[in-house]
Amino acid sequence: MYKLILVDDEEDVREGVLHEIDWESLGFTVVETAENGQEAMEYIERLQPDIVVTDIHMPFMNGLQLAEWIRSHDPSMKIMILTGYDEFEYAQKAIKLQIDEYVLKPFSAAELQAALVKVKQQMDQEVAEKNNLLTLQDHYRKSLPVLQHVFLSSLLTGKCSLEDIQEKCERYEIDLSGSAYLVSAIQMDHSKEEKNRYLLQFAVCNIAEELVLKHMPGRVFIHHDHVIVLTMSASREGVGNSQETIGILEEILQSVHRFLKITVTIGVGTVVNDLSELVSSYQEAVQALHYRLIHGNHRVIWIEDVEAKRVNPLVFDDMKEQALIRCMKVGTIEEAQVMMGEFFDVVESSTVSLQDFQIYWIEIWTAMMKVAKDMDVNYEQFLGGAVHPLMEIYHCNNASEAKNWMLHQCMKIMNCIAVERQTGYKKLVDDAKAYMKLHYADLDISIHTVCRHLTSAQATSAIFLRRKPKPPS
């Protein structure tokens, strides 16, 4: 039932309306009546009705003044105005106040009832929409932990840009602020209770989460067969972060053994300074786990204790490859120059091995060749009589020459793509002209018929080109 307050300075009108309308059947309960706006204000503040039905012309405070006060205090409250034919100027002001409904005096019970039904339908719809929104919010809240774990797991794949990470941290209400990050991977040692492995993994995750959150900022979640411990530090060097984390991991190791009667081995990666680099720390943590074949299980293994630390700044990851492919297909020469400069600046500003640089060179060249293949660029068309490109690295005296050679090849491929694209456009135009010249007298000639012809011709050509000649019998 919706609560309603009736306001009218004429007692006989109030009594008549109260007795002529079956309020309960309409879904309303009249909680109070008032004879002027001032009195109604007191009832509204105390009873918080859903709707106020008020006359306009009343002493002390008229209906429009009351409506204006209601809108300033509770914009969602419904207001129905009772007005006479000679009060049209009041009705105009009522429209500006966004009055929900009005009834002209003199009115019948049926007219008032119809207006009330109309307002109630609107109120029912708003309640339903509000309930749906609350239901969605409730479902979202219940699924938020799952969404958080899926997002955290995706950080270990290396396919999230910093912009995506920041946006999803806000959306999923995760605070990953810090200047140094460390990934550790907990793996259960072989157990006779393989059927309970997933339950045990969740139990390990709960123990690890309780201990991590007790001591330092961090997140614990499951990724494939590992329970991942992600710890954060405000110190960019992350020295304290790694030492403190290893201490917590030792505690996790003992607690799991004590409470679950199983053993786990924990691999620890290296400290990284960016969330987009978590994939490398995770891969090193997994690599550290492999050393249990040498050092035994049921222990914490830090990759820096078992492998000589070697930083390789030359990483041509999926994000760089996709950026290069996009640039070559639809970008400009200026964009290609900037991108190739960024790829090779890291070579000139870092100490790298020849082997790493050779692999880096091959990865960039392979990405460029993928573009050439996808766009049907003839290999000899842009390479000419040059020696094999993988040998060009040995003819360069420095990284700058290597960059210039690679950029030159990139620009030649982009030029071939542009020429081929323009040729394709010109052929389409020529085909369209020829078709229109041949069929200009047809009654059904139109842009659609021309486009349909061109589309059909392209499809036929593509099928023909894909057919392979039969081998000689």
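The values are calculated or read from the model by the stated rules, or taken from the named source; none is laboratory data. Please read all numbers here as calculations on a predicted model, not as lab measurements. Ideal geometry is used to build each Cβ from the backbone, glycine not excepted, and the neighbour counts take in all protein chains shown.
Summary of computed values
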| item | result |
| --- | --- |
| Some residue of region 180-201 being under 13 Å from the mean Cα position of the chain (by Cα), assigned to a loop (DSSP other than H, G, I, E, B), free of Cβ contacts under 8 Å to residues at least 60 places away in the same chain and surrounded by fewer than 16 Cβ atoms within 10 Å (Cβ to Cβ) | no |
| Every pair of residues 6+ apart whose Cβ atoms lie under 9 Å, when the first sits in region 117-142 and is over 21 Å from residue 50 (Cβ atoms) while the second is surrounded by 10 or more Cβ atoms within 10 Å (Cβ to Cβ) | 140/147 |
| Whichever residue in region 369-395 is assigned to a loop (DSSP other than H, G, I, E, B) and farther than 21 Å from residue 358 by Cα and, among such residues, is modelled with the lowest pLDDT | 385 |
| Yes/no for residue 43 being surrounded by 16 or more Cβ atoms within 10 Å (Cβ to Cβ), part of a helix (DSSP H, G or I), under 52 Å from the mean Cα position of the chain (by Cα) and at pLDDT below 90 | no |
| Residue list for region 292-341, restricted to those being more than 26 Å from residue 157 (Cα to Cα), in a helix (DSSP H, G or I) and assigned by TED's automatic domain parsing to the domain that holds residue 261 | 294, 295 |
| Tally of residues being touching a Phe, Trp or Tyr at 6+ places or on another chain (Cβ under 8 Å) and free of Cβ contacts under 8 Å to residues at least 40 places away in the same chain across region 1-19 | 1 |
| Residue list for region 46-66, restricted to those being touching a Phe, Trp or Tyr at 6+ places or on another chain (Cβ under 7 Å) and not in a helix (DSSP H, G or I) | 50, 51, 56 |
| Residue 77 vs. criteria modelled with pLDDT of 90 or more and touching a strand residue (DSSP E or B) at 6+ places or on another chain (Cβ under 6 Å) | no |
| Some residue of region 270-278 being without any contact (Cβ under 8 Å) to a residue 12 or more places away in the chain and assigned by TED's automatic domain parsing to the domain that holds residue 244 | no |
| Candidate set from region 257-288 (those that are among the hydroxyl-bearing types (Ser, Thr, Tyr) and in contact with a helix residue (DSSP H, G or I) (Cβ under 7 Å, 6 or more places away or on another chain)); member that is surrounded by the fewest Cβ atoms within 10 Å (Cβ to Cβ) | 263 |
| In region 207-235, the residues that are hydrophobic (A, V, I, L, M, F, W, C), in a helix (DSSP H, G or I) and under 19 Å from residue 282 (Cα atoms) | 208, 212 |
| Filter result for residue 159 (touching a helix residue (DSSP H, G or I) at 6+ places or on another chain (Cβ under 9 Å), over 19 Å from residue 232 (Cα atoms) and either assigned to a loop (DSSP other than H, G, I, E, B) or among the charged types (D, E, K, R) (or both)) | yes |
| Residue that is surrounded by the most Cβ atoms within 10 Å (Cβ to Cβ), among those in region 126-165 that are under 24 Å from residue 284 (Cα atoms) and polar (S, T, N, Q) | 148 |
| Test for residue 204: is it in contact (Cβ under 8 Å) with a residue 40 or more places away in the chain, outside any helix (DSSP H, G or I), closer than 14 Å to residue 187 by Cβ and not basic (Lys, Arg) | no |
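Listed here are the residues, each with its yes/no results for (1) farther than 26 Å from residue 233 by Cα; (2) out of contact with any helix residue (DSSP H, G or I) (no Cβ under 6 Å at 6 or more places or on another chain); (3) surrounded by fewer than 18 Cβ atoms within 10 Å (Cβ to Cβ).
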| residue | (1), (2), (3) |
| --- | --- |
| 290 | yes, yes, yes |
| 293 | yes, yes, yes |
| 296 | yes, yes, yes |
| 317 | no, yes, yes |
| 327 | yes, no, no |
| 331 | yes, yes, yes |
| 337 | yes, yes, yes |
